[in-house]
Amino acid sequence: MLRSEQRKGCAVGEVDTVLHRDEKTNDSESRAGDVYVAVTSDVLSVEAAIEWATLPRCGAVVTFTGVVREYSKDIAGLRTDGVVAIDYQSYESVARARLLEIAEVAQQRWPGIGRIALLHRIGSVVVGEASVLVCVSSGHRVDAFLAAQFCIDILKACVPVWKLEHRADDRSWVETGVQIETVEQAASQWSPLTCGVAS
């Protein structure tokens, strides 16, 4: 939805994003104090996430943005070129609950966290657009970096999201190679050195 207006004293800009909405949320969003999660068809804005996560007590804000790229790799690691878009589908109520659980576990592991935003797109996302956004603020950078890495790694292992990949000449479901685990299982196996959940 395109618009340009002021809300709560800050410029929204050209594109309305999920973080710029009024405090009311829809069924695919949850906002509770210092945690904001959404499974949404809205554009994901890094700038809006940073603005929301920035607090006077926090000296670090770390973001991770996953964007759709022009190629993919299948489960065997073979490259497929020509990707033009990905349609994301999700079991939204479970996805939202898992995102909230991931944020809660991160807050327990890193008590210095200020705010956490975990946002995932659904619907059609074209090459170059953000499909997932993690934003974490903290008093210090180490906690912010580790918590952000933890959140994206556990999100990839636990949140039920499926991808229908569109190429110039074809389309196909993408096999992720990740069996959906509980947040507790994935968190117990997580290591910042593996860039994911150890198998």
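Each value in this text was obtained by applying a stated rule to the coordinates, not by laboratory testing. None of the values given here were measured: they were computed from a predicted structure. Backbone-built Cβ (ideal geometry, glycine too); neighbour counts: all protein chains shown.
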### Task
Report, largest value first, the span of the C-alpha coordinates of the range 39-135 along each principal axis, in whole Å.
45, 26, 26
### Task
Enumerate the calculated ³J(HN,Hα) couplings along the range 43-53 in order (Karplus 6.51 cos²θ - 1.76 cosθ + 1.60, θ = phi - 60°), each rounded to whole Hz, writing x wherever the residue is Gly or Pro.
4, 9, 10, 4, 4, 5, 5, 4, 4, 5, 7
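Net charge near Pro192: determine it from the other residues with C-beta under 13 Å of the C-beta of Pro192, scoring Lys and Arg +1 and Asp and Glu -1.
Working: positive: Arg109; negative: Asp143, Asp153.
Spelling it out: positives minus negatives among the neighbours equals -1.
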### Summary
Which residues qualify? For Thr40, with a placed amide H closer than 5 Å and at least 5 residues away or on another chain, they are His120, Arg121, Ile122
### Message
Can you work out the Karplus-derived ³J(HN,Hα) for every residue in the range 128-140? Use 6.51 cos²θ - 1.76 cosθ + 1.60 with θ = phi - 60°, whole Hz, and x for glycine or proline.
### Response
x, 8, 6, 10, 8, 9, 10, 9, 10, 10, 7, x, 9
### Message
Amide H of Ser131 versus every other amide H placed in the peptide plane: which residues, excluding those fewer than 5 positions away on the same chain, fall under 5 Å?
### Response
Gly66, Val67, Val68
### Summary
The Cα extents of the range 28-197 along the principal axes, largest first and rounded to whole Å, are 51, 32, 28
### Query
Calculated FRET efficiency, His140 and Thr194, Cβ-Cβ r, R0 35 Å, to nearest 0.05?
0.90
### Task
May I ask you to derive the relative contact order of the range 28-197, considering only C-alpha pairs under 8 Å and at least 6 residues apart, and to give it as an integer percent?
29 percent
### Task
First check a/c for the range 120-199, with a ≥ b ≥ c the square roots of the eigenvalues of its C-alpha gyration tensor; if it is under 1.5, answer rounded, and if not, answer prolate when a/b is larger than b/c or oblate otherwise.
oblate
#### Entry: Pairwise label distance in nanometres, Thr182 with Asp170, each label 7 Å out on the Cα-Cβ vector
3.9 nm
